[in-house]
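Quick notes on the structure that follows.
The values are calculated or read from the model by the stated rules, or taken from the named source; none is laboratory data. Given the structure is predicted, the values throughout are model-derived calculations rather than measurements. Glycine also receives a Cβ, built like all others from the backbone with ideal geometry; neighbour counts cover every protein chain displayed.
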There are 2 protein chains.
Amino acid sequence: MRSAWIVSIGSELTLGQSVDTNAPWLAAQLAAQGIRCRRQVTVPDELEALSATFREAAAASDLVVATGGLGPTADDLTRQALAAAAGLPLELDAPSLEQIRAFFARRGREMPSANRVQALLPKGARPLPNTCGTAVGICLELAGTPCYALPGVPFEMREMFRREVLPHLPALGDGQVVRFRRLHCFGTSESAIGEALADLMRPGRNPAVGTTAELGVITVRINASADSPAAAEALLDDTERLVRARLGTAVFGRDGETLASVVGALLAARGQTLGTAESCTGGLIAKLLTDVPGSSAYYLGGAVSYANELKEALVGVPGELLTAVGAVSEPVARAMAEGARRAFGSSFALATTGIAGPTGGTPDKPVGLVFLALAGPQQTRVEAARFGSESPRVVIRERAARTALDLLRRELIRQGP
Amino acid sequence: MRSAWIVSIGSELTLGQSVDTNAPWLAAQLAAQGIRCRRQVTVPDELEALSATFREAAAASDLVVATGGLGPTADDLTRQALAAAAGLPLELDAPSLEQIRAFFARRGREMPSANRVQALLPKGARPLPNTCGTAVGICLELAGTPCYALPGVPFEMREMFRREVLPHLPALGDGQVVRFRRLHCFGTSESAIGEALADLMRPGRNPAVGTTAELGVITVRINASADSPAAAEALLDDTERLVRARLGTAVFGRDGETLASVVGALLAARGQTLGTAESCTGGLIAKLLTDVPGSSAYYLGGAVSYANELKEALVGVPGELLTAVGAVSEPVARAMAEGARRAFGSSFALATTGIAGPTGGTPDKPVGLVFLALAGPQQTRVEAARFGSESPRVVIRERAARTALDLLRRELIRQGP
C-alpha cells in the first residue's frame, strides 16, 4: 500500500492554541483511496524547519500533503519553504494573480497589495486554484514524490483537495482501497473486549481490529484493505459478524450511532415514549436525547430537578422521603423515575441522582456515586453506580448519562420487539 | 528556549478516525513553562515506527512527551517501543500492579488478567502512577533526553501530566517563560473585534494578540513572553486592560470561564436564583449551567418541555395559546419563561422555543429561528434570533443556549450589583 506524510504548518498549532482538524480529515480521505498516512508532522512557521520537513517527508513517502502557511502575511512561509526544498526560485504566476484580483472584485473590493505574494510559486510548480479564498495551492515534485500544499482554512482546504488532489490519487495508488467500520459497545470493559477479540486483534490481520475507550463507550475499529470497495466491505461484514457474535448485546451501534440514537430508534419502532428526571446529570440526558434529529417522536421531555423543592414539585417526590433518606438514595431515584413517568404520561422514565463533585461527597456517599432508575410499564429498576471519587465532574456526569441510556437500551432489548 | 517533541500514538489518529486534542493541550502546557514544541509527530500503532520515532525525538530535542498506546490490548505498543528504543527488557513493576488491582477493587471488581501488561515497564524506568485509570505512565531517559509516555485518555493524561511531569519541568527550562490569557466575548463579530484591536494585532507585538471564533463566542488570545512569570503576567495585564477598555461588556470572561459560570457568579453574588424551560435546546442550557461545580447554589432546575403537553403540564403554557400561535412563537416563549419562574419560584427564568432542524422549517418559521425569553422580577424580555437555516442542528442548539445565557448576563449587568 502506498504511503503518505501529512504536514500541518503553523505556530498556533505547535503552541497548542488551535486543534488541527485538517490532518485527520486528510488522513481519512487518503485512507479511503488506499493511501496510508504513515506519519503526520506539525511544524511551526519557521523557514528552515519547514523546508527540512518537506525534504524528509518526500524522501520517506509516496505522497506529501501539507496544509497552512499560504496566507498573505509575513508568517506564511510554505511557498518559500517548498522553493528552498526544491532549490527553485519563486516566480509570479500571472493567472493566479488574476484569480486573486477577481476574488476581491466579486466582493466589490480592490486587491490589497499584501495578497500579491499569494501568486508566487516555485518555478515550474503547478498552481492549485482556490475557488473560495485567496490562498493559491501548490503542487510540486520533490525527489520524485508529489507534494501538495493546501490552505489551512478547513473549508478552502477541503474544496481544493476535492478539486485538485483527489482526481490525481488513483494514479498514485496501487489499486488497494481501505474501508473502516466502528462498532460501539457499552456495559463492558476494554480489557474484556480485548480478551474476547484477542485473535482478531493480532498484528498483521486484515481487517485490522483495534479498540478505543471514551466515557465508558468502547469502540471496536475494523479497517479492511482490498482491491475494490466491494471486497473491502465484504471483509468488514465478515469481521463485524465475528465481533457481534462474541460481544452480543454489548454492541449497541455502528459508525455514527450513539446510545441516544439507538435508544430512540428502539422506542420509535415500538411506538413507546420516554421522559426524564435528572438531578446530578442536570439536563445532560435530555441534551443527548435531543441531539438526535426527530427525537420529538419519542422523547416527551423531562425535569431537571436540581433543587429538592423541584424534585417534589415537578415529579412528586415526597418531601418526607427526601428528609428521611436524602436526595442521593435508591428510594429517591425510584420515586423520581416513577413520578416522572406518571407526570409525563410516558412509557418509560429515566432518573438520576448522585454526587458529581468535586465537593459534596461523604464516606457513605462519595463523589461519583450515582443512583440510576428506570420506570417502565412492568417494573422499576434502580442501579447504584460508582464512577470514581477521583473522576472529574464532567466524566461522572457523562458516564452517568450514558449508563442511564444503556439501562433503557437493555430493558428494551429484554422486552423484545 | 528549550525544545520538545510531542508524539501522539495511535492508528485511529493516522487513519483520521479521531481528532487529537492531547497534543495541543500539552504544547500549551509546555509553552507556559518556556519549553517550545518544535515538532509534533503522530504515528500508527506499529512497533518499529514507534521505537524509531522515540529515538529520533530524543536525539532532536530536550524533552519528549508521548501519549497513547498504554492500554491493555494487543494494539498498545508504547511500552514495547520504549523498551526497544532503549535496548532494555520489560519487567513487571509490583507496586504498579498493586495500584491497578486496587483501582478495580475500589469499583468492586477483580482485575482482568489482560490488565497485568499495564504494569510492565522497561527495566529501570520510573512508573508514573495513574490516579484515575489503569494505564501506568512511563518516564525513561533516551540518549540523555527525558521521555514521558502518558495515557491517551485525555483526563487521565492531564492528571498524570500535572502530577508527574509538570513538577520536573522547571529544571529543563532556560528562564524564558510564555504566558497566555484568553478573553471571551459574546454578542459581537470577529471582524468588529479585529477592527477595534487592529493595532494590537500587528505581527511582532509582545504580547501578541489574535482572535478565534466558535459558536458565537469570540476569543481574544494574548500571548506574552518574558524572562519571569511576573513580567509576563504584567504584560498580559496591560494588554488585557487595553482590550477590555475597547470591547466593554462584550467581554464576558477570561480563560476557563464560560457564559454559564459567569452568569452563575453574578447570580450567586446577588443571592438570586434561576430556572429554565427549554424546548428546542432540550436540556442544553441546564447542562451548561450544571457543568459548573456549585451550581446548585443558584440554579434550581428546569423543565425540558419538548412535547406540547409538557409545556402545559410543567410550566403552565395554556393549551389554547399553543393552538392559536404555535409552539415556536413569541407569546409561547414568554409564557414558558413566566410559567417557569412562577412554578419554580426562581428570581429569573430562561426559556427557548425554536426550530433546530434539520426538518420542521417553513417559509414563515425557518430552521434556525429561535425565540429566547427571560422572565425576571421587573419584566420579561423576548428576542427572536435566526441562527441560519443552513446551520447544522448542533450549531443552532449551541448558539441558542449561549445567546439565552448572554441575555441573562446583560440583564444582570444592567441591573447593577
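At a glance:
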item	result
Meets criteria (over 26 Å from B:GLU309 (Cα atoms), in contact with a helix residue (DSSP H, G or I) (Cβ under 9 Å, 6 or more places away or on another chain) and either facing chain B (nearest Cβ under 10 Å) or surrounded by fewer than 24 Cβ atoms within 10 Å (Cβ to Cβ) (or both)) for A:PHE344	no
B:THR239 touching a Leu at 6+ places or on another chain (Cβ under 8 Å), surrounded by 15 or more Cβ atoms within 10 Å (Cβ to Cβ) and within 23 Å of B:GLY194 (Cβ to Cβ)	yes
Sole residue being assigned by TED's automatic domain parsing to the domain that holds A:ALA198 and at positive phi, chosen from A:GLY248, A:GLY271, A:GLY326	A:GLY248
Any chance A:VAL304 is modelled with pLDDT of 95 or more, over 30 Å from the mean Cα position of the chain (by Cα), assigned by TED's automatic domain parsing to the domain that holds A:LEU289 and among the aliphatic types (A, V, I, L, M)	no
Lone qualifier among A:VAL262, A:VAL328 - being more than 13 Å from chain B (Cβ to nearest Cβ), within 19 Å of A:THR403 (Cβ to Cβ) and either buried (at least 24 other Cβ atoms within 10 Å of the Cβ) or touching a strand residue (DSSP E or B) at 6+ places or on another chain (Cβ under 6 Å) (or both)	A:VAL262
Residue identified as assigned by TED's automatic domain parsing to the domain that holds B:LYS287, at pLDDT 90 or above and under 24 Å from A:SER305 (Cβ atoms) among B:GLY361, B:GLY339, B:GLY368	B:GLY339
Criterion violated by A:GLY357 - all others in (1) over 19 Å from B:THR290 (Cβ atoms); (2) within 33 Å of the chain's Cα centre (by Cα) satisfied	(1)
Selection status of B:GLU390, of a type in the set (Asp, Glu) and outside any loop (DSSP other than H, G, I, E, B)	no
Candidates B:THR78, B:THR42, filtered to the one that is within 11 Å of another protein chain (Cβ to nearest Cβ) and among the hydroxyl-bearing types (Ser, Thr, Tyr)	B:THR42
Candidates A:THR67, A:THR53 - the one that is assigned by TED's automatic domain parsing to the domain that holds A:GLY144, in contact (Cβ under 8 Å) with a residue 12 or more places away in the chain, in contact with a Gly (Cβ under 6 Å, 6 or more places away or on another chain) and under 20 Å from A:ALA125 (Cβ atoms)	A:THR67
Residue identified as crowded, with 23+ Cβ neighbours inside 10 Å and closer than 29 Å to A:GLY34 by Cβ among A:ALA286, A:ALA277, A:ALA232, A:ALA303	A:ALA232
Criterion (at negative phi, buried (at least 20 other Cβ atoms within 10 Å of the Cβ) and touching a residue at least 60 places away in the same chain (Cβ under 8 Å)) met by exactly one of B:PRO24, B:PRO72, B:PRO44	B:PRO72
Tally, over region A:383-412, of residues that are farther than 19 Å from B:ALA105 by Cα, surrounded by fewer than 19 Cβ atoms within 10 Å (Cβ to Cβ) and at pLDDT 95 or above	2
Every pair of residues 6+ apart whose Cβ atoms lie under 7 Å, when the first sits in region B:309-321 and is under 14 Å from A:VAL315 (Cα atoms) while the second is of a type in the set (S, T, N, Q)	B:LEU314/B:SER305; B:VAL315/B:SER305
Tally, over region A:272-287, of residues that are touching a Ser or Thr at 6+ places or on another chain (Cβ under 7 Å) and either at pLDDT below 95 or of a type outside the set (S, T, N, Q) (or both)	9
Members of region B:347-367 found to be more than 26 Å from B:THR273 (Cα to Cα) and within 14 Å of chain A (Cβ to nearest Cβ), listed by number	B:ILE355, B:ALA356, B:GLY357, B:PRO358, B:THR359, B:GLY360, B:GLY361, B:VAL367
Positions within region B:73-116 being more than 26 Å from A:VAL367 (Cα to Cα), within 33 Å of the chain's Cα centre (by Cα) and in a helix (DSSP H, G or I), in sequence order	B:THR78, B:ARG79, B:GLN80, B:ALA81, B:LEU82, B:ALA114, B:ARG116
Elements of type helices (runs of 4 or more DSSP H) in region B:209-325, at least 2 residues being aliphatic (A, V, I, L, M) and within 30 Å of B:GLY175 (Cβ to Cβ)	B:229-247
Residue match in region B:291-300 (condition: under 22 Å from B:ASP406 (Cβ atoms), surrounded by fewer than 23 Cβ atoms within 10 Å (Cβ to Cβ) and more than 8 Å from chain A (Cβ to nearest Cβ))	yes
Among residues of region B:4-39, those that are of a type in the set (Val, Ile, Thr) and more than 8 Å from chain A (Cβ to nearest Cβ), counted	4
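Condition check ((1) closer than 21 Å to A:SER347 by Cβ; (2) small (Gly, Ala, Ser); (3) in contact with a helix residue (DSSP H, G or I) (Cβ under 9 Å, 6 or more places away or on another chain)) across all residues:
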{"site": "A:GLU383", "(1), (2), (3)": "yes, no, yes"}
{"site": "A:SER389", "(1), (2), (3)": "no, yes, yes"}
{"site": "A:ILE396", "(1), (2), (3)": "no, no, no"}
{"site": "A:ALA401", "(1), (2), (3)": "yes, yes, yes"}
{"site": "A:LEU407", "(1), (2), (3)": "yes, no, no"}
{"site": "A:ARG410", "(1), (2), (3)": "yes, no, yes"}
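Conditions tested, residue by residue: (1) under 21 Å from B:ASP20 (Cβ atoms); (2) away from chain A (no Cβ under 14 Å); (3) modelled with pLDDT of 90 or more.
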position: B:GLY144; (1), (2), (3): no, yes, yes
position: B:PRO151; (1), (2), (3): yes, no, yes
position: B:GLU159; (1), (2), (3): yes, no, yes
position: B:ARG163; (1), (2), (3): no, no, yes
position: B:PRO170; (1), (2), (3): no, yes, no
position: B:SER189; (1), (2), (3): no, yes, no
position: B:ARG202; (1), (2), (3): no, no, no
position: B:PRO207; (1), (2), (3): no, no, yes
position: B:ILE222; (1), (2), (3): no, no, yes
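A quick yes/no check of all residues on (1) part of a loop (DSSP other than H, G, I, E, B); (2) of a type outside the set (A, V, I, L, M, F, W, C); (3) farther than 13 Å from B:GLY10 by Cα:
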| site | (1), (2), (3) |
| --- | --- |
| B:ALA27 | no, no, yes |
| B:ALA31 | no, no, yes |
| B:CYS37 | no, no, yes |
| B:GLU48 | no, yes, yes |
| B:SER51 | no, yes, yes |
| B:GLY71 | yes, yes, no |
